[in-house]
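The values are calculated or read from the model by the stated rules, or taken from the named source; none is laboratory data. From a predicted model like this one, the values you see are computed outputs, not experimental measurements. Backbone-built Cβ (ideal geometry, glycine too); neighbour counts: all protein chains shown.
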Amino acid sequence: MAHRSCSFLPLVLCLCFVAPEALAQTPDSTVVRRTVLEGGPTVSAGSRVRVRLKKPRDAVWQGNLEAWPADTLRVDRRSEPRRVAIPLASIDLLQVSINQKRSTVPGLLIGGMVGTIVGVAVGSGIGALLVGPPAGLVLGGIIGHKVKVDRWKEVPLSP
C-alpha cells in the first residue's frame, strides 16, 4: 500500500512547480501597461479612465480600461458603443481616476438655497423660513452624499 502512494509523488511535485507558471501566463492581447508617474497614479486593468479624442473635436469617453496593447486602448464604456478600441494616435488626453469624493457639502448648500426659495414661495411668515431651509438642507445633504465625483489625473501616452 505504501509503495502505491509513492508512485504519485513525482507527478504531484511536477504539478506543484509547473502549474503556477502555466496559470500566470496571459496572452499579449490582454496585457495592460502600468504607468507610474512620480508620485502619481497607476493605470491597470479595471481603472476608470477618461479619454479626450482629437476628432470629433473634444469628444470625451469614460469607462473602465480593459487592455492597453502597444498602440491601442481598449475601454469598456457604460454607453453605446459599449466596448471600444481607441488608437493612441487619436487620443488628445488620457486621465485616470485617482479616487472618488462625495458631494455632501455642495448638496447641503444647494438644498438649503432651494429649501429657502420654496419655503418663501409657498408659505408666508416666519413658519416658512423655519421649515423650508432645514428640510432643504437635510434632503440636499442626503442626495449630495449619494453622488460621487471622480478626481482625475493626467497620464502620459508615451512610456
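Scan region 110-152 for residues that are surrounded by 14 or more Cβ atoms within 10 Å (Cβ to Cβ) and part of a strand (DSSP E or B) and the total you get is 2.
Matching residues to (1) under 30 Å from T42 (Cα atoms); (2) over 25 Å from the mean Cα position of the chain (by Cα):
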| residue | (1), (2) |
| --- | --- |
| I86 | yes, no |
| R102 | yes, no |
| G119 | no, yes |
| G125 | no, yes |
| L137 | no, yes |
| I142 | no, no |
| V149 | yes, no |
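Does region 104-115 hold any residues that are of a type in the set (V, I, T) and under 27 Å from the mean Cα position of the chain (by Cα), and which are they? Within region 104-115, T104, V105, I110 meet the criteria. Among the residues of region 67-83, those that are closer than 13 Å to R50 by Cα and part of a strand (DSSP E or B) comprise L73, R74, V75, D76. Here the condition is being modelled with pLDDT under 90 and of a type in the set (A, V, I, L, M); of V32, V114, it holds for V32 alone.
For region 45-72, taking the residues that are within 13 Å of L94 (Cβ to Cβ) and hydrophobic (A, V, I, L, M, F, W, C), the one that is surrounded by the fewest Cβ atoms within 10 Å (Cβ to Cβ) is identified as V60. Whenever a residue of region 92-108 is in a strand (DSSP E or B), its partners that are among the hydroxyl-bearing types (S, T, Y), lying with C-beta atoms within less than 9 angstrom and at least six residues away or across chains, give the pairs V96/T35; V96/T42; V96/S47; S97/S47.
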